[in-house]
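Comments concern the structure below.
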């Protein structure tokens, strides 16, 4: 039994006509189409609403949108299941939500990871073949598109409930695959928190955990006889030519029995607004670097040190710190280039840093802060 997992999938302005026309041979090439055809089940992360009407929500970051007609190209890949638990699926609000679901239902494409509210989310799907039952579960970290008690949205990571969901699903399945939409974008390693969550998912019953969202090929580890992939990269998403966006992995999971599975990593390359199987030399390099990073994270102190190195960079730390002041990235750039970082040092005293740390580490302070911000946003909207 073979299940193929593809990463972040977004038809964009640059290739929407090819999707609308259903020209998948030009979009993906014979090699990728052959890999899809060789699998029993095919799963993609659809990271955009499908709608022809722009109704963007208020959020940080871009509001994605793909025409409903782009489903013509997606459905020719014969997807068994689309995961919708991600940080963009509600970018066009409830109109985009209903349009997407109507589009998928009209084309008889199954989906998971989204619902009318927290109690209505379709969290998982069970696939069956050759006396094997494979549960597929998807969730996303808490950003702007997660469901609430009263609003539709994606299935959120809930440290009180998510692991219990996995335990319950495993009772009814031989294997469980978890699609975890989270981690640090453009970063090729797990964050310490991401590693803890992924391992806890395994301890709760997951046999395979695949982390998406980072738009970068990351690394891999075996943990308690299960497989964790920290970063799959994009499937097709023509957004930038940043080096990390240029490559991705298709992941083929072969279940040999109720107790054994193998993973095969298939490198792909972004070429302009299209995607292809990686050329031989490029493929070797991609896997070599992937394996190197996978060896590095065997040392848990490396994961902590690498993350500290990332957040210590002025590009990252100053962006976050200036954002907390309400000033944002432009002040961070002005400070970096004109004042050599002295402005941010003057802005925050030691007491200020301690206060921020207390607000985000203490659960009650964090709950209070989140409520304050939400009420302020509501007040601005009403005004």
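Here are a few things to note about the model shown:
- Options 262, 299: the member that is more than 18 Å from residue 77 (Cβ to Cβ), out of contact with any strand residue (DSSP E or B) (no Cβ under 9 Å at 6 or more places or on another chain) and loosely packed, with under 12 Cβ neighbours inside 10 Å: 299
- The range 7-53, residues that are at positive phi and in a loop (DSSP other than H, G, I, E, B): 22
- When residue 333 is tested against (1) modelled with pLDDT of 80 or more; (2) under 25 Å from residue 59 (Cβ atoms); (3) within 30 Å of the chain's Cα centre (by Cα), exactly one condition is not met: (1).
- Annotation: of all residues in the range 160-170 being over 19 Å from residue 84 (Cβ atoms) and either touching a residue at least 12 places away in the same chain (Cβ under 8 Å) or in the same structural domain as residue 310 (by TED's automatic domain parsing) (or both), the one that is nearest to the chain's Cα centre (by Cα) is 163.
- Among the residues of the range 262-278, not a single one is modelled with pLDDT of 95 or more, assigned by TED's automatic domain parsing to the domain that holds residue 241 and over 23 Å from the mean Cα position of the chain (by Cα).
- Answer from 340, 380, 355 - the residue that is more than 27 Å from the chain's Cα centre (by Cα) and not in a helix (DSSP H, G or I): 340
- Lone unmet requirement of (1) over 17 Å from the mean Cα position of the chain (by Cα); (2) assigned to a loop (DSSP other than H, G, I, E, B) for residue 176: (2)
- Within the range 286-308, considering residues that are touching a helix residue (DSSP H, G or I) at 6+ places or on another chain (Cβ under 7 Å) and part of a helix (DSSP H, G or I), the one nearest to residue 184 (Cα to Cα): 307
- Test for residue 181: is it within 22 Å of residue 114 (Cβ to Cβ), assigned by TED's automatic domain parsing to the domain that holds residue 145 and touching a residue at least 60 places away in the same chain (Cβ under 8 Å): yes
- Looking across the range 11-43, the residues that are surrounded by 20 or more Cβ atoms within 10 Å (Cβ to Cβ) and farther than 23 Å from residue 253 by Cβ come down to 11, 15, 18, 19, 27.
- All positions within the range 319-335 that are assigned to a helix (DSSP H, G or I) and over 16 Å from residue 357 (Cα atoms): 319, 329, 330, 331, 332, 333, 334, 335
- Check on residue 360, in contact with a helix residue (DSSP H, G or I) (Cβ under 6 Å, 6 or more places away or on another chain) and at pLDDT 85 or above: yes
The values are calculated or read from the model by the stated rules, or taken from the named source; none is laboratory data. All of these numbers come straight from a predicted model, not from anything done at the bench. Note: ideal-geometry Cβ built from the backbone for every residue, glycine included; neighbour counts use all protein chains shown.
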